[in-house]
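Below: one structure, written as C-alpha coordinates.
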Amino acid sequence: MEPRLDYFGNPLAGKVLRHLNSASKLLSDSTLPAAVQELVKIRASQINGCGFCTDMHTKDAAHAGESVQRLHLVAAWREAKVFTDAERAALELAEQGTRIADAAGGVTDEAWANAAKHFDEDQLVALISLLAVINAYNRVNVINQQPAGDYQPGQFG
(Lines give C-alpha, C1' and ligand atoms only; values in the text may rest on other atoms or scores of the structure.)
Protein backbone atom coordinates (compact mmCIF):
# COMPACT_ATOMS: atom_id res chain seq x y z
CA MET A 1 0.00 0.00 0.00
CA GLU A 2 1.27 3.44 -0.89
CA PRO A 3 -0.12 6.75 0.36
CA ARG A 4 -2.00 8.83 -2.17
CA LEU A 5 0.49 11.66 -1.69
CA ASP A 6 3.51 12.48 0.42
CA TYR A 7 1.53 14.28 3.10
CA PHE A 8 4.42 14.32 5.55
CA GLY A 9 6.71 15.87 2.92
CA ASN A 10 4.31 18.56 1.73
CA PRO A 11 5.07 22.12 2.98
CA LEU A 12 1.41 23.05 3.55
CA ALA A 13 0.74 19.75 5.32
CA GLY A 14 3.80 20.43 7.45
CA LYS A 15 2.24 23.68 8.65
CA VAL A 16 -1.07 21.94 9.40
CA LEU A 17 0.68 19.12 11.24
CA ARG A 18 2.73 21.56 13.34
CA HIS A 19 -0.53 23.01 14.67
CA LEU A 20 -2.07 19.59 15.30
CA ASN A 21 1.16 18.43 16.94
CA SER A 22 1.23 21.54 19.16
CA ALA A 23 -2.31 20.81 20.32
CA SER A 24 -1.40 17.16 20.85
CA LYS A 25 1.64 18.10 22.95
CA LEU A 26 -0.41 20.50 25.06
CA LEU A 27 -2.91 17.70 25.74
CA SER A 28 -0.25 15.10 26.50
CA ASP A 29 1.05 17.48 29.19
CA SER A 30 -2.43 17.90 30.73
CA THR A 31 -3.61 16.21 33.92
CA LEU A 32 -5.64 13.69 31.95
CA PRO A 33 -3.90 10.39 32.79
CA ALA A 34 -1.53 9.19 30.06
CA ALA A 35 -3.09 5.71 30.00
CA VAL A 36 -6.54 7.21 29.42
CA GLN A 37 -5.14 9.35 26.62
CA GLU A 38 -3.64 6.35 24.80
CA LEU A 39 -6.73 4.19 25.27
CA VAL A 40 -8.95 6.93 23.85
CA LYS A 41 -6.65 7.50 20.88
CA ILE A 42 -6.55 3.77 20.16
CA ARG A 43 -10.33 3.35 20.38
CA ALA A 44 -11.11 6.36 18.16
CA SER A 45 -8.52 5.17 15.64
CA GLN A 46 -10.05 1.68 15.61
CA ILE A 47 -13.53 3.09 15.01
CA ASN A 48 -12.26 5.30 12.19
CA GLY A 49 -10.32 2.45 10.59
CA CYS A 50 -7.03 4.36 10.86
CA GLY A 51 -4.34 1.70 10.75
CA PHE A 52 -1.55 4.27 10.95
CA CYS A 53 -2.82 5.79 14.23
CA THR A 54 -3.86 2.42 15.68
CA ASP A 55 -0.34 1.13 15.02
CA MET A 56 1.26 4.26 16.48
CA HIS A 57 -0.80 4.47 19.65
CA THR A 58 -0.75 0.77 20.51
CA LYS A 59 3.04 0.82 20.14
CA ASP A 60 3.36 4.03 22.17
CA ALA A 61 1.12 2.59 24.89
CA ALA A 62 3.10 -0.67 25.01
CA HIS A 63 6.35 1.29 25.12
CA ALA A 64 4.95 3.27 28.09
CA GLY A 65 4.19 0.01 29.93
CA GLU A 66 0.60 -0.75 28.93
CA SER A 67 -0.14 -4.47 29.09
CA VAL A 68 -0.67 -6.54 25.96
CA GLN A 69 -3.91 -7.88 27.45
CA ARG A 70 -5.41 -4.41 27.83
CA LEU A 71 -4.28 -3.37 24.36
CA HIS A 72 -5.93 -6.45 22.86
CA LEU A 73 -9.15 -5.71 24.71
CA VAL A 74 -9.61 -2.02 23.83
CA ALA A 75 -11.99 -2.87 20.98
CA ALA A 76 -14.08 -5.01 23.36
CA TRP A 77 -13.73 -2.86 26.46
CA ARG A 78 -17.36 -3.30 27.56
CA GLU A 79 -16.84 -7.01 28.13
CA ALA A 80 -13.35 -6.67 29.62
CA LYS A 81 -12.68 -6.52 33.35
CA VAL A 82 -9.23 -4.93 32.94
CA PHE A 83 -10.31 -1.27 32.67
CA THR A 84 -11.09 1.07 35.55
CA ASP A 85 -14.42 2.85 35.81
CA ALA A 86 -12.73 6.10 34.76
CA GLU A 87 -11.17 4.43 31.71
CA ARG A 88 -14.52 2.90 30.79
CA ALA A 89 -16.20 6.33 31.03
CA ALA A 90 -13.50 7.83 28.80
CA LEU A 91 -13.82 5.00 26.27
CA GLU A 92 -17.60 5.47 26.13
CA LEU A 93 -17.17 9.21 25.58
CA ALA A 94 -14.54 8.45 22.92
CA GLU A 95 -16.89 6.14 21.07
CA GLN A 96 -19.84 8.50 21.18
CA GLY A 97 -17.68 11.52 20.37
CA THR A 98 -16.13 9.73 17.40
CA ARG A 99 -19.48 8.47 16.09
CA ILE A 100 -21.28 11.82 16.23
CA ALA A 101 -22.58 11.41 12.68
CA ASP A 102 -24.11 8.04 13.61
CA ALA A 103 -26.06 9.36 16.59
CA ALA A 104 -28.79 11.96 16.22
CA GLY A 105 -28.13 13.40 19.67
CA GLY A 106 -24.34 13.21 19.70
CA VAL A 107 -22.89 12.34 23.10
CA THR A 108 -25.59 11.29 25.55
CA ASP A 109 -26.16 13.04 28.86
CA GLU A 110 -25.49 9.72 30.59
CA ALA A 111 -22.07 9.30 28.96
CA TRP A 112 -21.17 12.89 29.82
CA ALA A 113 -22.34 12.58 33.44
CA ASN A 114 -20.37 9.36 33.85
CA ALA A 115 -17.21 10.98 32.52
CA ALA A 116 -17.79 14.03 34.74
CA LYS A 117 -17.85 11.73 37.79
CA HIS A 118 -14.28 10.66 37.07
CA PHE A 119 -12.59 13.71 35.55
CA ASP A 120 -12.36 17.34 36.61
CA GLU A 121 -13.17 20.23 34.26
CA ASP A 122 -9.63 20.56 32.88
CA GLN A 123 -9.45 16.83 32.28
CA LEU A 124 -12.82 16.92 30.49
CA VAL A 125 -11.56 19.78 28.31
CA ALA A 126 -8.47 17.69 27.56
CA LEU A 127 -10.60 14.64 26.77
CA ILE A 128 -12.88 16.55 24.39
CA SER A 129 -9.91 18.22 22.72
CA LEU A 130 -8.00 14.94 22.48
CA LEU A 131 -10.96 13.38 20.68
CA ALA A 132 -11.08 16.28 18.24
CA VAL A 133 -7.33 16.04 17.54
CA ILE A 134 -7.18 12.25 17.12
CA ASN A 135 -10.22 12.31 14.86
CA ALA A 136 -8.47 14.96 12.71
CA TYR A 137 -5.31 12.83 12.50
CA ASN A 138 -7.42 9.77 11.67
CA ARG A 139 -9.16 11.55 8.82
CA VAL A 140 -5.91 12.80 7.31
CA ASN A 141 -4.41 9.31 7.38
CA VAL A 142 -7.52 7.44 6.19
CA ILE A 143 -8.19 9.84 3.31
CA ASN A 144 -4.53 9.68 2.28
CA GLN A 145 -4.40 5.87 2.75
CA GLN A 146 -1.31 6.25 4.94
CA PRO A 147 0.16 2.75 5.37
CA ALA A 148 0.52 1.26 8.85
CA GLY A 149 3.06 -0.98 10.48
CA ASP A 150 6.39 0.85 10.28
CA TYR A 151 5.96 3.25 13.20
CA GLN A 152 8.59 3.16 15.95
CA PRO A 153 7.81 4.64 19.41
CA GLY A 154 9.13 8.18 19.68
CA GLN A 155 9.50 8.49 15.91
CA PHE A 156 7.79 11.88 15.79
CA GLY A 157 9.47 13.44 18.80
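The values are calculated or read from the model by the stated rules, or taken from the named source; none is laboratory data. Owing to the predicted nature of the structure, the values given are computational and were not obtained by experimental measurement. Every residue, glycine among them, receives a Cβ derived from its backbone with ideal geometry; neighbour counts consider all protein chains shown. We work out accessible area using only protein heavy atoms, side chains counted, and drop any ligands, DNA or RNA first. Shrake-Rupley method; radii C 1.70, N 1.55, O 1.52, S 1.80 Å.
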Exercise for the section: Test Arg70 against the stated conditions and say whether it is without any contact (Cβ under 8 Å) to a residue 40 or more places away in the chain, under 16 Å from Leu32 (Cα atoms) and not hydrophobic (A, V, I, L, M, F, W, C). Expected result: no
Problem - Filter result for the condition that a residue is surrounded by 15 or more Cβ atoms within 10 Å (Cβ to Cβ), part of a loop (DSSP other than H, G, I, E, B) and of a type outside the set (Phe, Trp, Tyr), over Val107, Val140, Val133 - result: Val107
Handout entry: Conditions (1) aliphatic (A, V, I, L, M); (2) open to solvent by less than 80 Å² (accessible area, probe 1.4 Å); (3) in a helix (DSSP H, G or I); (4) touching a residue at least 12 places away in the same chain (Cβ under 8 Å): number failed by Ile128
Key = (2)
Exercise for the section: Test Glu38 against the stated conditions and say whether it is charged (D, E, K, R), open to solvent by 30 Å² or more (accessible area, probe 1.4 Å) and modelled with pLDDT under 95. Expected result: no
Problem - Restricting the stretch 74-88 to residues that are open to solvent by 40 Å² or more (accessible area, probe 1.4 Å) and under 15 Å from the mean Cα position of the chain (by Cα), the residue that is nearest to Glu2 (Cα to Cα) - result: Ala75
